[in-house]
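These notes are about the structure you will find just below.
The values are calculated or read from the model by the stated rules, or taken from the named source; none is laboratory data. Since we're looking at a predicted model, the values are computed, not measured. All Cβ positions, even for glycine, are placed from backbone atoms using ideal geometry, and neighbour counts span all protein chains on display.
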Amino acid sequence: MYLDHFGLNQSPFKITPNTEFFYTGGNRGAILDALLYAITHGEGIVKVTGEIGSGKTMLCRMLESILPDNVEAIYLANPSLNRDEVFHAIAGELGLATEGKRGGEIMRLMQNCLIEKHAASKQVVLLVEEAQAMPLDTLEEIRLLSNLETAHHKLLQIVLFGQPELDDHLNLPQMRQLKERITHGFKVPPLDQKDIPEYLMFRMRAAGYHGPNVFSTGAIKLITSASQGITRRINVLADKALLAAFSENTHNILPKHTKAAIEDSEFAPSASTGVLKVLKKIGIAATLIGLGIAVGAGWQHLAGNQTRQHEATASAPQPVTATDPQPAPAPVAQVNPAPATNTAAAQQNAAPAPASLLQQRLDATLAWLANTDGGYYTVQLMLTDSDAIAKLEQILGKISRETGLGQIYVYPTSITAKHQFGITLGSFSTRNEAQASIEKLPRDYKTNRPMLRTVKGIRDEMARQK
């Protein structure tokens, strides 16, 4: 909206990681160099920790982009997988067929694959994001992967990116063996006060800006104070401040613009808010509670409360692929209200407004999870922030136009401290069917690194929410 106004060719403060906007100040460049050295010369597990929004994902993307040609990076996007799912996910990244194979067999397949790559002078590094959300038994499986080695070299280098809670987990007595295998640890600090003016203009220049500094000293002070040096917060505030200045047709970002941005932003919701507060904002909390999904109470209550089970089918959904046309949800028959005697009566008897696409898919998903065998697979297309409801509705609308929503499922999750929704496609009785559907996805869906999930894995993930 404001790009032409400021002479920009792209948005300078998007929160999605774009390596063109990697800022080497604030010790970021030094950490990246150390990471590269640790991977190409190290023999253990590498750990990177930092607060939410401090730039860990950007470091991960930059690391991928500068790895030598002989180093192949594989990526674990969803760490909340259980110990069975994580082996399948990593083997899938290596291109291995694991249908019907157990953990020990998959481990041997991976070892043979890694030995072949080592013989061809190739090195493999596993990048794990949001590692603090990984169940402890899955973390233990990661430790076992670090044991894959020849007489002289580790076959798999592992880098764990996580929030400070990862250190809490590693300090537990049962995690001692894993902690002792961590040979390099890096912390991504908040930007120092002196770095923030440079950071703001670096992002503006990277987006094509050629004019003088647009951020006044007062505006920068407010951004520094409100953001506490967290880069994601800086980006959010700077973006909204630019928009406020654009709306007043000025090129100078003044304190009043930053104040408006701060008032329009919410950072670090308290632990007491949780998923339930987010769901209340969009009017679906009552539905979830009525279905027995009282957040934090555990999945086990679902079976005991079937308020809406008439919407579920008696049998598990049939497998579909991403290219199969999906029927739109069947319309619900409405009963015509009796003639109203007055306005109030007319409003009371009026047919209810149709549920949003998000509401429809949450209802359908809860019924699907309750009635589908835990061994079934689905394809996780993406994770979206739960407070970006309008964007989520747009995504569901796009999917509805392209494939229909009949086999699209949406569930609340808390992989990061920020509450999110997972969007998955299809219900498949075998892993091969699910994997084949990924190959048929449109290119723009593949860029989000779709991955396989099991029904049981999603149930367990929801049960762990607090």
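Can you spot a residue in segment 199-217 that is in a helix (DSSP H, G or I), under 30 Å from Lys47 (Cβ atoms), in the same structural domain as Gly7 (by TED's automatic domain parsing) and more than 26 Å from the chain's Cα centre (by Cα)?
yes
Among the residues of segment 114-156 satisfying the criterion of being over 14 Å from Leu170 (Cα atoms) and small (Gly, Ala, Ser), which is surrounded by the most Cβ atoms within 10 Å (Cβ to Cβ)?
Looking at residues that are over 14 Å from Leu170 (Cα atoms) and small (Gly, Ala, Ser), I get Ser146.
Where in segment 43-122 are there helices (runs of 4 or more DSSP H), lying fully within it, with 2 or more residues that are at pLDDT 90 or above? Break it down stepwise before answering.
Numbers: elements: 56-66, 83-93, 103-119.
The qualifying helices (runs of 4 or more DSSP H) are 56-66, 103-119.
Considering (1) in the same structural domain as Ile234 (by TED's automatic domain parsing); (2) in contact with a helix residue (DSSP H, G or I) (Cβ under 6 Å, 6 or more places away or on another chain); (3) surrounded by fewer than 15 Cβ atoms within 10 Å (Cβ to Cβ), say which one Phe13 fails and leave the rest.
(3)
Return the residues of segment 1-55 that are of a type in the set (D, E, K, R) and in contact with a His (Cβ under 8 Å, 6 or more places away or on another chain); say none if nothing qualifies. Break it down into steps so the answer makes sense when it comes.
First, pick out the residues of segment 1-55 that are of a type in the set (D, E, K, R): 4, 14, 20, 28, 33, 43, 47, 51.
Passing the criteria: Glu43, Lys47.
Restricting attention to segment 148-165, does a residue exist that is touching a Lys or Arg at 6+ places or on another chain (Cβ under 6 Å), part of a strand (DSSP E or B) and over 25 Å from Thr378 (Cα atoms)?
Residues of segment 148-165 that are touching a Lys or Arg at 6+ places or on another chain (Cβ under 6 Å), as a first pass: 160-161.
Within this subset, residues satisfying the condition of being part of a strand (DSSP E or B) are 160-161.
Next cut, over 25 Å from Thr378 (Cα atoms) only: 160-161.
Scanning segment 148-165, I find at least one residue that is touching a Lys or Arg at 6+ places or on another chain (Cβ under 6 Å), part of a strand (DSSP E or B) and over 25 Å from Thr378 (Cα atoms), so the answer is yes.
Please tell me if Arg431 is closer than 29 Å to Lys101 by Cα and surrounded by fewer than 18 Cβ atoms within 10 Å (Cβ to Cβ).
Working: closer than 29 Å to Lys101 by Cα: yes; surrounded by fewer than 18 Cβ atoms within 10 Å (Cβ to Cβ): no.
No, not satisfied.
Here is a list: Phe215, Phe202. Which entry is surrounded by fewer than 19 Cβ atoms within 10 Å (Cβ to Cβ), farther than 30 Å from Ser146 by Cβ and modelled with pLDDT of 90 or more?
Details: Phe215 fails: surrounded by fewer than 19 Cβ atoms within 10 Å (Cβ to Cβ).
Answer to the check: Phe202.
Which pairs do you get when a residue that is exposed (fewer than 15 other Cβ atoms within 10 Å of the Cβ), found in segment 23-50, comes within reach of a residue that is aliphatic (A, V, I, L, M), reach meaning Cβ atoms under 7 angstrom, with the pair 6+ apart or on two chains?
Note: pairs meeting the criteria are Thr40/Val71.
What about Ile196, is it buried (at least 16 other Cβ atoms within 10 Å of the Cβ) and within 22 Å of Leu8 (Cα to Cα)? Outline the logic, then answer.
Values: buried (at least 16 other Cβ atoms within 10 Å of the Cβ): yes; within 22 Å of Leu8 (Cα to Cα): yes.
Taking the combined requirement at face value, the residue satisfies it.
Do we find a residue being polar (S, T, N, Q) and touching a Leu at 6+ places or on another chain (Cβ under 6 Å) anywhere in segment 76-89?
Looking only at segment 76-89, we keep the residues that are polar (S, T, N, Q), and these are 78, 80, 82.
Applying the additional criterion that residues be touching a Leu at 6+ places or on another chain (Cβ under 6 Å) yields none.
The answer is no; no qualifying residue exists.
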